[in-house]
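The values are calculated or read from the model by the stated rules, or taken from the named source; none is laboratory data. If you're wondering where the values come from, they're calculated on a predicted model, not measured in any experiment. Cβ atoms come from the backbone with ideal geometry, glycine included; neighbour counts cover every protein chain shown.
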Amino acid sequence: MAYTAKFKVWRGDAESGGLHDFDVEVNEGEVVLDIIHRLQATQAPDLAVRWNCKAGKCGSCSAEINGRPRLLCMTRMSTFTEDEVVTVTPMRTFPVIRDLVTDVSFNYTKAREIPSFTPPKDLQPGEYRMQQVDVERSQEFRKCIECFLCQNTCHVVRDHEENKEAFAGPRYLMRIAELEMHPLDTADRVRPAQDEHGLGFCNITKCCTEVCPEHIKITDNALIPMKERVADRKYDPIVWLGNKLFRR
Amino acid sequence: MTEVERHPYDVVVIGAGGAGLRAVIEARERGLRVAVVCKSLFGKAHTVMAEGGCAASMGNANANDNWQVHFRDTMRGGKFLNNWRMAELHAKEAPDRVWELETYGALFDRTPDGRISQRNFGGHTYPRLAHVGDRTGLELIRTMQQKIVSLQQEDHAEFGDYEHRIKVFAECTVTELIKDGDRIAGAFGYWRESGRFVLFEAPAVVLATGGIGKSFKVTSNSWEYTGDGHALALRAGATLINMEFVQFHPTGMVWPPSVKGILVTEGVRGDGGVLKNSDGKRFMFEYIPDVFKGQYADAPEEADRWYTDQENNRRTPDLLPRDEVARAINSEVKAGRGSPHGGVFLDIASRLPAEEIKRRLPSMYHQFKELADVDITAEPMEVGPTCHYVMGGIEVDPDTAAASVPGLFAAGECSGGMHGSNRLGGNSLSDLLVFGRRAGLGAADYVQSLSDRPSVAQSDVDAAAQSALAPFNPTDTAENPYTLHNELQQAMNDLVGIIRKAEEIEQAIDKLQALRVRINEVTVEGHRQFNPGWHLALDLRNMLLVSECVARAALLRTESRGGHTRDDFPQMDSQWRNTLLVCSASGDGLVPEVRVEPKEQEPMRQDLLELFELPELEKYYTDAELAAHPGRTS
């Protein structure tokens with residue numbers, strides 16, 4: 001039942017920091033966030049951690065556990081052996097504010113760059129008609145809880161600060177796919193995905209899909225179909241010729 | 001003089017859940033400059049936890065539905081203590097608010113003919129809840145978040161600045177409302193990240209801060225739910241009503257201990273799940289109260305037929321209003337017929353095929369699998385009551401959402417009246433859309449009607465800063481905020497919980513009095529930068545103030561009704577039906593003194609009263625109140 005676990009938790013701020021060792025009690029059924037809370041209540045009252053719902057629905061408590069991007073609230077202690085050291089560090093792709101809390105404003109900036117849902121102009125509220133099978137594709141992407149673990153793990157920006165400007169990241173490329181597949185959206189999403197939001201950076205290694213706590217198939221269902229649509233539009237020789245001849 | 005950033009706005013919305021965001025959208029559409037302040041990141045508010053759906057009588061699933069039926073269901077659910085005007089506006093406007101979300105990009109589940117699908121829920125006569133699987137709250141918050149982004153994009157196109165008219169102040173907590181004379185002049189708070197102070201200078205403040213669940217030990221609520229709006233309003237001179245009514249959701253997880261209280265959606269029962277005790281018996285048939293006799297099936301055979309044929313069968317008592325189901329579960333556990341971990345069984349596995357369960361209830365499947373190692377398609381869940389929602393809140397004008405303090409508005413869970421003594425599932429999401437919009441409108445009208453702007457006095461800013469920094473002062477006993485919070489939660493849970501009696505409530509009030517003294521001694525370590533100990537020390541004051549309102553009102557109401565059950569007064573008393581208990585606060589100090597006084601509610605408008613049959617009204621009303629009913633006069 002209850003045992004004492006060894007934890008290493010990264011503490012510090014933008015300037016400096018390092019791993020701190022803790023011995024802490026663990027009880028049956030607990031998750032890593034419970035242990036972090038126990039540290040706050042008993043050993044480190046000012047340990048900074050972001051969290052809200054503690055039920056895997058809000059996507060606030062993202063961090064890296066033994067180097068893997070995870071939600072603290074959905075990682076059960078029973079996935080570790082009792083003698084295993086559990087190392088908790090902040091997400092690496094975003095600047096540290098303090099301890100486990102990072103500055104995720106990159107994501108909110110990217111969100112604002114994606115043009116919003118554009119319904120047909122003359123369609124009145126209450127008159128929207130869509131089939132379940134047609135909304136399901138976008139609904140899968142709308143399961144996203146914006147934990148930003150996919151953004152954190154994507155190698156395009158994880159070790160390449162210089163790519164952040166031109167690359168929206170998996171979460172927001174998926175947002176483009178969601179709007180593209182919305183049965184009633186009228187805006188052109190395909191060309192801007194490639195030209196303005198950096199879809200071409202993605203080389204479909206599926207790391208984003210692997211870390212998604214909602215199990216959204218980001219690569220297979222959002223990014224690859226968008227790449228196919230880009231290829232159809234941009235590289236199909238007949239479309240290319242048509243564009244050349246009839247461009248206004 | 002305190003160093004503070006100053007931000008002038010027309011309207012400051014405190015809270016970025018559904019009600020807050022809807023208020024922002026409305027005030028911005030009226031051309032005002034709006035700040036939205038949230039304790040968490042943008043888009044993380046507690047609204048994401050709402051699972052089942054949003055009630056609106058669109059009539060897509062059953063054409064017999066209309067606002068009158070929804071109004072009647074809401075009043076019955078609240079045991080006729082609701083503010084009838086709010087219930088009326090809510091029932092009438094909810095469909096428009098849902099359809100509007102589709103124009104923002106929401107994608108609800110569909111009917112075969114392509115309209116918004118609607119599901120059954122407790123207390124609703126017809127399938128009425130617009131939903132997206134079991135993650136409807138997430139859809140609402142994301143949709144409105146994205147609508148706000150789209151408005152910011154419009155402002156960017158027009159003014160070259162995304163934040164020209166709407167700015168989100170994320171991870172920022174308001175600790176004090178500031179007045180100029182009797183009117184609102186602004187709000188004072190701190191950035192969580194840096195601990196630096198911030199002052200909003202604004203003639204109108206909309207409170208949309210949600211509930212108070214973190215005052216209870218077993219709760220479905222997140223850390224943010226510390227009654228901030230309730231406490232801010234009280235300290236600014238506004239009043240709270242119905243604080244004795246706290247909803248315990250019948251189905252929270254009970255095991256493992258670390259997830260105790262996490263919500264299990266009512267949608268499980270709406271989609272066919274049934275409650276069973278340790279004998280395997282569907283016990284809800286034994287618990288149909290007199291006021292609902294005749295409206296619910298009295299045997300499993302009829303209840304099961306109802307799922308497919310609602311015209312000729314009565315609904316299952318598994319879908320009685322939440323207060324009834326929570327009490328029933330409590331009784332079964334007390335009688336020794338509970339599950340191994342102190343709950344009862346909720347069985348969907350034997351009722352639907354595994355694939356269908358995963359499709360309709362994906363979050364529930366995921367939640368039990370990941371957190372409890374339970375496969376809900378193969379075995380029953382263990383569930384028990386959890387503190388979920390407070391019906392009580394800031395007393396507001398139904399049409400404008402204005403509180404009694406000029407310039408102060410409130411919407412969503414932190415406002416009171418709409419749900420009476422008990423809220424129906426699904427009425428929360430629709431409430432926050434309807435009244436979030438009305439609060440935004442109310443605030444806009446108020447600001448546009450002003451001839452001069454209020455101003456903030458420096459002395460008020462200094463006082464607010466001093467009070468916020470108090471926990472850093474060394475004290476003799478150096479109380480730990482985490483310890484005090486624990487004791488507060490335990491006391492409220494044990495003594496003012498789902499079943500109450502006078503001597504226990506009195507004990508709770510004594511404990512709260514002791515905590516009042518100790519809270520002055522709270523000390524926190526470290527510095528102001530993202531310091532959770534300090535944040536809790538400040539939130540604790542609000543929890544204590546609001547807990548005292550709950551306890552004192554609970555002691556005064558000597559009857560049982562909705563979310564207030566007195567063991568020593570087990571009956572509903574029609575003499576109490578029309579009485580509101582109004583809380584106000586006075587005095588300085590970290591936690592001001594609470595006063596609770598009874599007040600009569602305005603009688604229901606005649607045309608609304610006539611929507612009910614006389615025999616039903618007789619179960620709730622006194623003879624004197626019904627003297628003018630046509631059923632009595634003719």
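Data overview
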read-out	value
Leading residue by the ranking (surrounded by the most Cβ atoms within 10 Å (Cβ to Cβ)) among those in region B:187-222 that are within 14 Å of chain A (Cβ to nearest Cβ) and over 16 Å from B:Val390 (Cβ atoms)	B:Arg192
Residue among B:Thr400, B:Thr386, B:Thr377 that is polar (S, T, N, Q) and outside any loop (DSSP other than H, G, I, E, B)	B:Thr386
Residue selected from region B:541-579 under the condition free of Cβ contacts under 8 Å to residues at least 40 places away in the same chain and in a strand (DSSP E or B), by the criterion surrounded by the fewest Cβ atoms within 10 Å (Cβ to Cβ)	B:Thr579
Whichever residue in region A:12-28 is within 11 Å of chain B (Cβ to nearest Cβ) and surrounded by fewer than 20 Cβ atoms within 10 Å (Cβ to Cβ) and, among such residues, is modelled with the lowest pLDDT	A:Glu28
Of all residues making up region B:580-611, the number that are part of a loop (DSSP other than H, G, I, E, B), of a type outside the set (S, T, N, Q) and either surrounded by 16 or more Cβ atoms within 10 Å (Cβ to Cβ) or over 25 Å from the mean Cα position of the chain (by Cα) (or both)	10
Close pairs (8 angstrom Cβ cut-off, 6 or more residues apart or separate chains): within 13 Å of chain A (Cβ to nearest Cβ) and surrounded by fewer than 20 Cβ atoms within 10 Å (Cβ to Cβ) in region B:477-491, of a type in the set (Ser, Thr, Tyr) and assigned to a helix (DSSP H, G or I) anywhere	none
Selection from region B:371-409 of residues that are surrounded by fewer than 24 Cβ atoms within 10 Å (Cβ to Cβ) and either of a type in the set (Ser, Thr, Tyr) or in contact with a Lys or Arg (Cβ under 6 Å, 6 or more places away or on another chain) (or both)	B:Thr377, B:Pro398, B:Thr400, B:Ser404, B:Pro406
Residues that are touching a His at 6+ places or on another chain (Cβ under 6 Å) and either buried (at least 24 other Cβ atoms within 10 Å of the Cβ) or more than 14 Å from chain A (Cβ to nearest Cβ) (or both), drawn from region B:250-262	B:Val254
Total residues in region B:150-193, condition out of contact with any strand residue (DSSP E or B) (no Cβ under 9 Å at 6 or more places or on another chain) and of a type outside the set (D, E, K, R)	9
Criterion: at pLDDT below 95 and in a helix (DSSP H, G or I) - qualifying residue of B:Gly526, B:Gly533	B:Gly533
Filter result for the condition that a residue is more than 12 Å from chain A (Cβ to nearest Cβ), of a type outside the set (A, V, I, L, M) and buried (at least 24 other Cβ atoms within 10 Å of the Cβ), over B:Gly43, B:Gly123	B:Gly123
Near pairs, Cβ below 8 angstrom, 6+ apart or cross-chain, from region A:137-155 (at the interface with another protein chain (Cβ under 10 Å from one of its Cβ atoms)) to any residue that is among the acidic types (Asp, Glu) and outside any loop (DSSP other than H, G, I, E, B)	A:Ser138/A:Glu178; A:Phe141/A:Glu178; A:Arg142/A:Glu178; A:Arg142/B:Glu139
Out of B:Glu100, B:Glu3, B:Glu88, B:Glu26, sole residue that is within 14 Å of chain A (Cβ to nearest Cβ) and acidic (Asp, Glu)	B:Glu100
Single unsatisfied condition, A:Leu173 versus (1) farther than 27 Å from A:Arg68 by Cα; (2) of a type outside the set (Asp, Glu); (3) not in a loop (DSSP other than H, G, I, E, B)	(1)
Residue among B:Leu555, B:Leu614 that is of a type in the set (A, V, I, L, M, F, W, C) and within 25 Å of the chain's Cα centre (by Cα)	B:Leu555
Inter-residue pairs, beta-carbon under 6 Å, first in contact (Cβ under 8 Å) with a residue 12 or more places away in the chain and in region B:593-609, second hydroxyl-bearing (Ser, Thr, Tyr), 6+ apart	B:Arg595/B:Ser584; B:Pro598/B:Thr579
Residue that is in contact with a helix residue (DSSP H, G or I) (Cβ under 8 Å, 6 or more places away or on another chain), within 14 Å of another protein chain (Cβ to nearest Cβ) and among the charged types (D, E, K, R), where the choices are B:Arg359, B:Arg437	B:Arg437
Tally of residues being in contact (Cβ under 8 Å) with a residue 40 or more places away in the chain and among the aromatic types (Phe, Trp, Tyr) across region A:214-248	0
Residue tally, condition within 21 Å of B:Pro256 (Cβ to Cβ), more than 9 Å from chain B (Cβ to nearest Cβ) and not in a loop (DSSP other than H, G, I, E, B), over region A:38-62	2
Output for region B:263-276, where each listed residue is more than 24 Å from the chain's Cα centre (by Cα) and either charged (D, E, K, R) or facing chain A (nearest Cβ under 7 Å) (or both)	B:Lys276
Single residue of region B:363-386 satisfying the filter (within 24 Å of the chain's Cα centre (by Cα) and among the hydroxyl-bearing types (Ser, Thr, Tyr)) that is nearest to the other protein chains (Cβ to nearest Cβ)	B:Ser363
Filtered residue count, region B:468-498, keeping only those that are under 21 Å from B:Trp223 (Cβ atoms) and touching an Asp or Glu at 6+ places or on another chain (Cβ under 7 Å)	1
Candidate set from region B:349-370 (those that are in a helix (DSSP H, G or I) and of a type in the set (A, V, I, L, M, F, W, C)); member that is surrounded by the fewest Cβ atoms within 10 Å (Cβ to Cβ)	B:Ala354
Region B:497-518 residues that are farther than 21 Å from B:Pro471 by Cα, paired with ones that are surrounded by fewer than 14 Cβ atoms within 10 Å (Cβ to Cβ) (beta carbon under 6 Å, 6 or more apart)	B:Ile499/B:Asp567; B:Lys501/B:Asp567; B:Lys501/B:Asp568; B:Ala502/B:Asp568
Cβ-Cβ under 8 Å pairs, at least 6 apart or on other chains, region A:100-125 side facing chain B (nearest Cβ under 9 Å) and within 30 Å of A:Ala63 (Cβ to Cβ), far side hydroxyl-bearing (Ser, Thr, Tyr) and in a loop (DSSP other than H, G, I, E, B)	A:Arg112/B:Tyr162
Segments classed as strands (runs of 3 or more DSSP E), wholly inside region B:5-80, with at least 3 members that are closer than 30 Å to B:Glu602 by Cβ and of a type outside the set (D, E, K, R)	B:11-14
Qualifying positions in region B:40-58 - over 15 Å from the mean Cα position of the chain (by Cα) and either in contact (Cβ under 8 Å) with a residue 12 or more places away in the chain or closer than 30 Å to B:Lys599 by Cβ (or both)	B:Ser40, B:Leu41, B:Phe42, B:Gly43, B:Ala56, B:Ser57, B:Met58
